[in-house]
Amino acid sequence: MNKYTKPNLTKCAVITIDTQNDFSLPGAVAEIKGTNEVIPRMKSILEVCRNIHIPIIHVIRIYKEDGSNVDLCRKEVIESGVGIVSPGSIGADLVSAIKPTNAKELDYEDLLQGSIQPIGSSEWALYKPRWGAFYKTNLETFLREKDIDTLIFTGCNFPNCPRTSVYEASERDFKVVMVEDAISGVYSKGIDEIKNIGVKVCSTNQFIQDLESVLGG
């Protein structure tokens, strides 16, 4: 860490990536192994952040049934009739454990149009059309308007969407924290590479301790 990459927890937001039923729950159609196991740690982080009003953005995928907005590597599967995170489906919804109390239902049409949708107090949902949370979304503008300069990443399947989103955040000069035991699919070489671009890697307990020491809990 140096003075440019050191996280500023007084201006931070938590990002959850693709922690939806179809990707997260045991036996789900597109289950990412290990995601269900990290959800309790994600929940712990989110509960602390809600108590001290840290903004939370849930970034999700939505695959139209006709495959028109799907990554090329998955397009054929969706076109064949396999339903994965289909608009309005239970599978596309956030895992219940990470939702805020009395969460507003997701409006999939609105999300597909690019809206950043409030689902709770200081909590929003955002649809991303590809791996990275910043690609063809309004996320950067949203964060700048809220004077956020540090992002805390948690969620599903590090090699794909979390990793891409971390790099996108870094290249936009956000300070970045990766909570390694609150993201599925983490591997040691990936951690080394992430550290090399100035990302702080820590555990859930370390992050919560840091946050409470700065902001209280």
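The values are calculated or read from the model by the stated rules, or taken from the named source; none is laboratory data. Nothing here was measured: the structure is a model prediction, and the numbers come from that model. FYI the Cβ positions are ideal-geometry reconstructions off the backbone, even for glycines, and counts take in every protein chain you see. For accessibility, only protein heavy atoms count, side chains too; no ligands or nucleic acids. Shrake-Rupley method; radii C 1.70, N 1.55, O 1.52, S 1.80 Å.
Set the Förster distance to 41 Å, then compute FRET efficiency between VAL29 and GLN209 from the Cβ-Cβ distance, nearest 0.05. Don't skip to the answer; put the middle values down first.
On the way: r = 37 Å, r/R0 = 0.91.
Calculated transfer efficiency: 0.65.
When the accessible area of region 1-92 is computed with all protein chains present and a 1.4 Å probe, what percentage of it is carbon and sulfur? If you can, show how the numbers build up before the last one.
Details: 2300 of 4290 Å².
It is 54 percent, rounded to a whole number.
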Task: Unit charges on C-beta of K, R, D, E only; dipole of the chain, Debye - done: 560 debye
Open item on the list: With every protein chain kept in place and ligands, DNA and RNA left out, what is the accessible area per residue of the chain? Probe 1.4 Å, answer in Å².
Closed with: 46 Å²
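If we sort 127-139, 43-55 on the protection proxy, mean other Cβ atoms within 10 Å, highest first, what's the order?
Values: 127-139: 19.1, 43-55: 17.2.
Highest to lowest by the protection proxy: 127-139, 43-55.
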Task: Residue among ARG172, ARG41, ARG163 with the largest mean-square fluctuation in a Gaussian network model of the chain, springs linking Cα atoms under 10 Å - done: ARG172
Task: Options ILE183, TYR135, THR5, ranked by Cα towards positive dipole end of the chain, top entry (Cβ charges) - done: THR5
Task: Where Rh is the Kirkwood radius over Cα pairs, Rg/Rh for region 1-134 - done: 0.99
Open item on the list: Starting from a Cα-only point model with no solvent, please compute log10 I(q)/I(0) by Debye for region 85-217 at q = 0.09, 0.17, 0.21 1/Å.
Closed with: -0.28, -1.08, -1.53
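Note the full-extension length gain between SER188 and THR141 as 0.36 nm times their separation in residues minus their Cα-Cα distance, in nm to one decimal.
13.7 nm
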